[in-house]
1. If a/c stays under 1.5 just call it rounded; otherwise compare a/b with b/c (prolate if a/b is bigger, oblate if not). Do that for the range 124-168, with a ≥ b ≥ c from the square roots of the Cα gyration tensor eigenvalues.
2. Out of Leu82, Leu52, Ala66, whose Cα points farthest toward the positive end of the dipole of the range 50-134 (charges: +1 Lys, Arg; -1 Asp, Glu; placed on Cβ)?
3. With contacts defined as alpha carbon pairs under 8 Å and 6 or more residues apart, what's the relative contact order of the range 111-168 in percent?
4. Taking amide H positions as placed 1.01 Å from N in the peptide plane, with prolines and chain starts having none, which residues 5 or more places from Tyr155, or on another chain, fall under 5 Å of its amide H?
5. Please give the charge dipole size of the chain, origin at the Cα centre, charges +1 on K and R Cβ atoms and -1 on D and E Cβ atoms. Round to the nearest 20 debye.
6. Restricting to Cα atoms and excluding each atom paired with itself, what does the Kirkwood estimate give for the chain in Å?
7. Listed here are the pairs Lys93/Lys120; Lys25/Lys131; Lys80/Lys132; Lys122/Lys168; which of them are more than 24 Å apart at the Cα?
8. Residues of the chain: accessible area per residue at 1.4 Å, in Å²?
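The values are calculated or read from the model by the stated rules, or taken from the named source; none is laboratory data. None of these values were measured; they are calculated from a predicted model. All Cβ positions, glycine included, derive from the backbone under ideal geometry; neighbour counts span all protein chains shown. The area values use the complete protein model at the heavy-atom level, side chains included, leaving out ligands, DNA and RNA. Shrake-Rupley method; radii C 1.70, N 1.55, O 1.52, S 1.80 Å.
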Amino acid sequence: MQDEIINKVANSVLEVFDLEDYYQKGIRIQIDISRWLYEGFLLREKDFREALKLHDWSQYQDRFVAINCSTDAIIPAWAKILVTVHLSPFAKKIVVGSLDDLETSLYQEILPTLDYSIYKDKPIILKGCSKKPVPESAYVIAIQHLQPVAKSIMYGEACSAVPLYKQK
């Protein structure tokens, strides 16, 4: 008689917290303002304002937008703010920084609103692999909300989890 194969992971009391479940759907775009600078480095206010006025901002309708500058140009603070003025009627969300900064901002909004009481005194696996771009900072945010309620927290997958926290 052969031994029956039992899926111990499926039968365990482990709760999986998957940040991918909270990934906000939508197109992400990065705007590089160096394209509106003279030779990519020098902001000439009149030319900059004119370029912004002529740009088709409607292409950012319902998009998540990160504003950055890919060159080492010294940009006055008002320049990115002015870009935001033009973007605001169209974009869902605007941040200054990289696409990673944008993702962090989206997770900073959603994670504090979740009900973590369902994880009270339970062992949790903070799922590590994802198909979507989940920034490391999202894991840091999540662990701060999970730690006060969880019995234990591990990172990774059930078959190869790394222990992070155990309630005393």
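1. oblate
2. So the residue furthest toward the plus end is Ala66.
3. 40 percent
4. The answer is Leu126, Val162, Leu164.
5. Roughly 300 debye for the chain.
6. 18.9 Å
7. Correct reply: Lys93/Lys120; Lys80/Lys132.
8. 63 Å²
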